Amino acid sequence: MKVVCIVEGHGDAAAAPILIGRIGAAFNIGAFPSRCIRTGGWAHLQRAGELERYLELALSHQPDRILILSDLEDDCPVVEAGNFRERIAAVLGDRKVPVEVVFAMREFESWYLHSAEILSNKNTTFSWDLAKFTGDPETVRGAKEALSKIMSSRYKETTHQPRFAAAIDVKQLFKKSRSFRRMIKATTGLCYDELAQMV
């Protein structure tokens, strides 16, 4: 299954293909990330014509599935995804390519905060202090800054985002994070009940 992912920035573009491939392997789905298309952010996609332009670019790569992956700070993911439904349908026309909108609540790095213990075991070059973060990863503001604190080193998206994507346990994160469960469902095309039986 060829997957094209529409993402925000350089760090996401480096990490998302790794994450998609690992999700596919974990759930026995042959998910092959083709490439990532960078948009600059969710607000950019909301502008007239921009979502349509990026979708047409993604479709030009003849994917089996398209993922739109974005951070979402404060808004409701169901409402925001719903706002795009008609625009996506208009672009697709008769083309039967699934397009899934996935939000990391509140940031991509929130998933890494959920996975901090595993990351600390696999990335021993940092002086990890997990006690420096005690909040809910999906409600805290400043997930990047929180990672920097527990790593005792400055978190750099383009360096650490793909490295951490390769280290997390996707099945464990499925259990911890509602937004990551959505990411797995969108990537695999499986329903939540099917996925739950596999973790």
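The values are calculated or read from the model by the stated rules, or taken from the named source; none is laboratory data. Keep in mind that this is a model prediction, so the values were computed, not measured. Here Cβ is always computed from backbone atoms with ideal geometry, including for glycine, and neighbour counts include all displayed protein chains.
For the range 93-119, the set of residues classified as touching a residue at least 24 places away in the same chain (Cβ under 8 Å) and in a helix (DSSP H, G or I) consists of F108, E109, S110, W111, Y112, L113, H114, A116, I118, L119, listed by residue number. Scanning the range 1-32 for residues that are assigned to a helix (DSSP H, G or I) and farther than 13 Å from R163 by Cα yields a total of 7.
Among the conditions (1) part of a strand (DSSP E or B); (2) over 22 Å from F164 (Cβ atoms), the only one that L51 does not satisfy is (1). Annotation note: of R95, R106, R53, the sole residue that is basic (K, R), surrounded by fewer than 21 Cβ atoms within 10 Å (Cβ to Cβ) and closer than 18 Å to Y155 by Cβ is R106. Assess whether L69 counts as being within 23 Å of K176 (Cα to Cα), in a helix (DSSP H, G or I) and of a type in the set (A, V, I, L, M). The answer is no for L69.
If I filter the range 141-172 down to residues being among the aliphatic types (A, V, I, L, M) and surrounded by fewer than 21 Cβ atoms within 10 Å (Cβ to Cβ), which single residue comes out as nearest to K122 (Cα to Cα)? The qualifying residue nearest to K122 (Cα to Cα) is A167.
Of the residues making up the range 173-188, none is part of a loop (DSSP other than H, G, I, E, B), free of Cβ contacts under 8 Å to residues at least 60 places away in the same chain and surrounded by 21 or more Cβ atoms within 10 Å (Cβ to Cβ). Evaluation of G40 against the conditions (1) at positive phi; (2) at pLDDT 95 or above shows that the sole unmet condition is (2). Could you check, for the range 164-172, whether at least one of its residues is outside any loop (DSSP other than H, G, I, E, B), in contact with a Gly (Cβ under 8 Å, 6 or more places away or on another chain) and modelled with pLDDT of 95 or more? Taking every residue of the range 164-172 in turn, none turns out to be outside any loop (DSSP other than H, G, I, E, B), in contact with a Gly (Cβ under 8 Å, 6 or more places away or on another chain) and modelled with pLDDT of 95 or more.
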